[in-house]
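Below is one structure; the comments refer to it alone.
We did not get these values from a lab; they are worked out from the coordinates using the rules stated. Only a predicted model underlies this, so the values are computations on that prediction, with no experimental measurement involved. Every residue, glycine among them, receives a Cβ derived from its backbone with ideal geometry; neighbour counts consider all protein chains shown.
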Amino acid sequence: MKRTYREFQKIASELKPEGRAFIDGQFCDAADGTTFITENPATGETLTKVAHCKNTDVDRAVAAARRVFNAGTWSRAEPEERKEVLLKIAQLVREHTDELAVLESLDTGKTINDCLDEIGGEVPNFFQWYAELADKTFGKIAPTGPGAMALITREPAGIAGAVLPWNFPLVMAAWKIAPSLAVGCSAVIKPAEQTPLSTIRLAELMHQAGVPAGVINIVPGYGETAGKSIGLHNDIDTVSFTGSTEVGRMFMRYSGDSNLKGVGLEMGGKSPFIVLDDALINDDLIEHAAMSAFWNGGQNCSANMRQLIAKPLVEEFTGKILDRVKAFKLGDPLDPETDIGSMITKDHKEVVMSYIQSGINEGAQMVTGGDSDLPGFFIQPTVFENVAPNMKIAKEEIFGPVLGIMPMDTGEQAISIASDTDYGLHASVFTQDIDRALHIARSLPCGTVSVNGFSEGDIKTPFGGYKQSGSMARDNGTEALEQYLQTKTIWIHTSEKT
Ligand code: NAD
C-alpha cells in the first residue's frame with residue numbers, strides 16, 4: 001500500500017545517508033580525506049558530506065576490481081552463481097524500495113511517485129532480467145570442414161567503468177551494473193556529483209546480496225577528477241557513459257589518449273513529437289504529449305520538446321495541452337500529490353531560465369509557465385507557441401520543462417524539421433494510418449520511434465542514439481551485453497581419427 005506524505009517525511013527524517021566511497025567491499029573515505037556536499041535541491045538543505053574521490057581512489061578501486069577479476073571469483077564463477085546473486089540484489093532493492101525512493105527523491109528533487117516507480121519497478125527488474133541472461137548467453141560454432149572446429153566464445157571484457165548522470169541516478173546505475181556483472185565483469189562506477197547517495201546505498205545492498213569484494217566499487221566525485229581518471233585509466237577495459245554530448249566526446253578522447261578502451265556513449269537529445277493531420281486529439285494523445293515533455297521536470301534525454309503539430313490541429317492541441325499542463329502540481333517532491341519536483345541545481349535552473357528568456361527574445365509566445373516562487377529550484381511547466389525551427393529553443397537541448405509547439409504542413413516537412421538536428425535519440429509520431437507511421441519511423445534518424453505514444457521501450461529493447469546522441473553502443477536488451485563482452489575465436493585443427 002502506498003504511503004502518505006507524513007510517512008515519507010518520517011522515513012526522510014530517520015535516514016542517515018552514507019556518503020563514503022565503496023571500494024573493495026568496504027566503505028572508505030577519499031585517500032586525501034576531502035569531501036563535498038550533496039544537497040536537497042527542493043530545499044537547499046545539506047544532506048551529507050560525500051567522499052571526494054580522485055586519481056588515487058580510482059586507482060585503488062581499479063586495483064581491487066582487477067585483483068578479483070583475475071582471481072576468477074566472479075568472472076569465472078558458474079553463471080548460475082552470478083544469476084542467484086543478481087536475483088538477490090533485485091529482491092533486496094524491492095525490500096528497500098521506500099527507503100531508496102525517499103533517498104533518491106531527497107538527493108534529486110524528483111517526485112516520490114517517480115522514485116517509487118523507478119526503484120520499485122525498473123531497477124529490480126533490471127537486475128532480474130540480466131540475472132536470467134547470465135546463464136543464457138551462448139557463444140557460437142562456425143561452419144567448417146572436417147579439418148577444424150571453430151568456437152566463437154564470449155568472455156567478459158574485464159574492468160567496466162561507468163560514469164553516470166543525475167537525472168535517473170539509480171536507474172542509470174542499474175542499466176550499467178546489471179549487464180556488466182551478469183557477464184562477469186568487475187565494475188568501477190562514478191555517480192553524478194549531484195546525486196551519489198542511492199548508488200552508494202545500492203553498493204551496500206549488492207555486498208549484502210553476495211557480490212564479492214572488489215567486483216563493485218563506487219567512487220563518488222567530480223567529472224574533471226574521478227570521471228576523467230576513469231576515462232584515462234589504462235587498466236579499465238571498457239567504459240559506459242551517460243550524460244551530455246560535450247562530455248561524451250571527451251570519453252572518446254580519453255580512450256585515444258590511454259589504452260583504447262571500449263567506449264559506450266548515451267547522450268543528449270532534442271526529440272520531436274509529430275502529430276499528423278489525421279491524428280485524434282484525444283485525452284490519450286494529450287497525456288502522452290504532456291508527459292513526454294514534463295516527466296521528471298523535462299530533465300530527460302528523450303523528452304519530446306519539439307512538438308510538431310499539423311496546422312489544422314494546432315488550435316485544438318494547444319487548448320487541450322494548456323489545460324493539462326496547468327493541472328500539474330509543483331511542490332515538495334516527497335508529497336505524493338506533487339507532479340513536478342525541483343530542477344537539480346540553482347545553476348541548472350538558471351540555464352533553463354535563460355532558454356525561456358531566449359524563446360521570448362526570439363519571438364515565440366510563452367502561453368504558460370516561467371519562474372516559480374517556491375523555495376528551491378523550481379520552474380513551472382512552460383509552453384511556447386509559434387516556435388520556428390531556427391530558434392534556439394527549437395535547436396538546443398534545454399533539459400528542463402520547456403515545450404515548444406511548432407506548426408507544420410505535411411509529413412515530409414515534419415521529417416525534414418525533425419531530422420535537422422545533431423541529435424537522434426527518440427521521436428514520437430501520432431497518426432491513424434499505419435503506412436504513414438511506418439514511413440516516418442523508417443525515415444527518422446534516431447534510435448527509438450514510438451508510434452501513438454511516448455515510450456523509450458523497456459528492458460527488452462535496446463536504447464541509444466543515432467548521430468551525436470550516442471555511439472554505436474546500446475543500453476538495455478541483449479544488445480547491452482555487447483558493451484561488456486569480447487569475442488574470442490578458438491580454432492581447433494582436427495583430423496578424422498576413430
Ligand atoms: P554531464 O555530461 O555533465 O555529466 C555526466 C557525468 O559525466 C557526471 O558523472 C559528471 O561528473 C561526468 N563528467 C563531467 N565532466 C567530465 C569530464 N570532464 N570528464 C569525465 N567525466 C565528466 O551530464 P549531466 O548534466 O549529468 O546529465 C545530463 C545529460 O545527460 C543530458 O545531456 C542528457 O540528455 C544526458 N542523458 C542521456 C541519457 C541517454 O540514455 N541517452 C540518459 C540520461 C541523461
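Step through the residues of region 417-429 one at a time and calculate ³J(HN,Hα) from phi using the Karplus curve (6.51 cos²θ - 1.76 cosθ + 1.60, θ = phi - 60°), rounding each to whole Hz and writing x for Gly and Pro.
Running phi through 6.51 cos²θ - 1.76 cosθ + 1.60 with θ = phi - 60° gives 5, 4, 7, 7, 7, 6, 8, x, 8, 8, 8, 10, 9 Hz.
From the backbone phi of region 212-218, what are the Karplus-calculated ³J(HN,Hα) couplings (6.51 cos²θ - 1.76 cosθ + 1.60, θ = phi - 60°) in whole Hz, Gly and Pro given as x?
Computed from phi, the couplings for region 212-218 are x, 3, x, 6, 10, 9, 10 Hz.
Convert each backbone phi in region 270-282 into a coupling constant with the Karplus relation 6.51 cos²θ - 1.76 cosθ + 1.60 (shift: θ = phi - 60°), then list the ³J(HN,Hα) values in order as whole Hz, x for Gly and Pro.
8, 7, x, 10, 9, 10, 6, 5, 9, 6, 8, 7, 9
Assigning unit charges at the beta carbon (Lys, Arg +1; Asp, Glu -1) and nothing else, what dipole magnitude in debye, to the nearest 20, does region 138-265 show about its Cα centre?
Details: 9 positive and 8 negative charges, 48 e Å.
Around 240 debye, computed over region 138-265.
Which distance in Å, rounded to a whole number, links the C-alpha centroids of region 130-205 and region 69-99?
Cα centroid of region 130-205 versus Cα centroid of region 69-99: 12 Å apart.
Name the long-range amide H neighbours of residue 154: under 5 Å, sequence gap of 5 or more, or other chain; modelled H, no Pro or chain starts.
HN-HN under 5 Å from residue 154: 139, 488.
Can you tell me what share of the DSSP beta bridges in region 112-266 is antiparallel? A percent to the nearest 5 is fine.
DSSP beta bridges in region 112-266 are roughly 15 percent antiparallel.
Students often forget the sequence filter, so: which aspartates and glutamates lie under 14 Å Cα-Cα from residue 395 once same-chain residues fewer than 8 apart are removed?
By straight Cα distance, residue 395 reaches 362, 420, 422.
Could you rank the peptides 298-311, 351-364 by their average count of other C-beta atoms within 10 Å per residue, with the highest value first? Don't skip to the end; give the middle numbers.
Details: 298-311: 24.3, 351-364: 16.3.
Top of the packing list down: 298-311, 351-364.
Which FRET efficiency value, to the nearest 0.05, is calculated for residue 35 and residue 63 with the Förster distance at 25 angstrom and r the Cβ-Cβ distance?
0.65
Gap in Å between the Cα centre of region 424-448 and the Cα centre of region 244-284?
Cα centroid of region 244-284 versus Cα centroid of region 424-448: 17 Å apart.
Provide the FRET efficiency to the nearest 0.05 for the residue 28-residue 395 pair, computing r from the beta carbons and using R0 = 41 Å.
0.35
Run the paramagnetic zone check for residue 439: 7 angstrom along Cα to Cβ, then residues of region 401-417 with backbone nitrogen under 19 Å.
The answer is 408-417, whose backbone nitrogens lie closer than 19 Å to the label point.
Take every Cα pair under 8 Å in the chain that's 6+ residues apart, average their separations, divide by the length, and report that relative contact order as a whole percent.
Details: 1167 pairs, mean separation 89.0, N = 498.
So the answer I get is 18 percent.
In whole Å, largest first, what are the principal axis extents of the Cα atoms in the chain?
Here the spans come out as 78, 60, 46 Å, largest first.
Rounding to the nearest 20 debye, state how big the charge dipole of the chain is about its Cα centre with +1 on each Lys and Arg Cβ and -1 on each Asp and Glu Cβ.
For this selection, approximately 1400 debye.
Please name which of 179, 202, 376 has its Cα lying farthest along the dipole of the chain towards the positive end, using unit charges on Cβ (Lys, Arg +1; Asp, Glu -1) and the Cα centre as origin.
Ranked along the dipole, the leading option is 179.
Compare the peptides 173-185, 107-119 by average per-residue count of other Cβ atoms within 10 angstrom and give them in order, highest first.
For the peptides 173-185, 107-119, the packing ranking is 173-185, 107-119.
For the chain, what is the mean residue ellipticity at 222 nm derived from helices alone (per DSSP H run of n ≥ 4: -39500 (n - 2.57); sum divided by total residues; nearest 500 deg cm²/dmol)?
The helix-only estimate for the chain comes to -11500 deg cm²/dmol at 222 nm.
Lys/Arg Cβ at +1, Asp/Glu Cβ at -1, dipole of the chain taken about the Cα centre: which of 318, 494, 170 is farthest positive-ward?
The one lying farthest along the dipole's positive direction is 494.
Summing +1 for each Lys or Arg and -1 for each Asp or Glu, what net charge is found among the other residues whose Cβ lies under 11 Å from the Cβ of residue 121?
Around residue 121, the charge tally is -4.
Under the rule of at least 5 residues apart or a separate chain, name every residue whose amide H is placed under 5 Å from the amide H of residue 264.
The answer is 239, 240, 241.
Give the calculated FRET efficiency between residue 56 and residue 324 to the nearest 0.05, with a Förster radius of 45 Å applied to their Cβ-Cβ distance.
0.30
Quick one: net charge of residue 463's neighbours, Cβ under 11 Å, K/R +1, D/E -1? If you can, show how the numbers build up before the last one.
On the way: positive: 460, 474; negative: 266, 456, 458, 475, 479.
My count for the surroundings of residue 463 gives -3.
For the ranges 242-249, 338-345, what's the packing order if you count other beta-carbon atoms within 10 Å of each residue, average per peptide, and put the highest first?
338-345, 242-249
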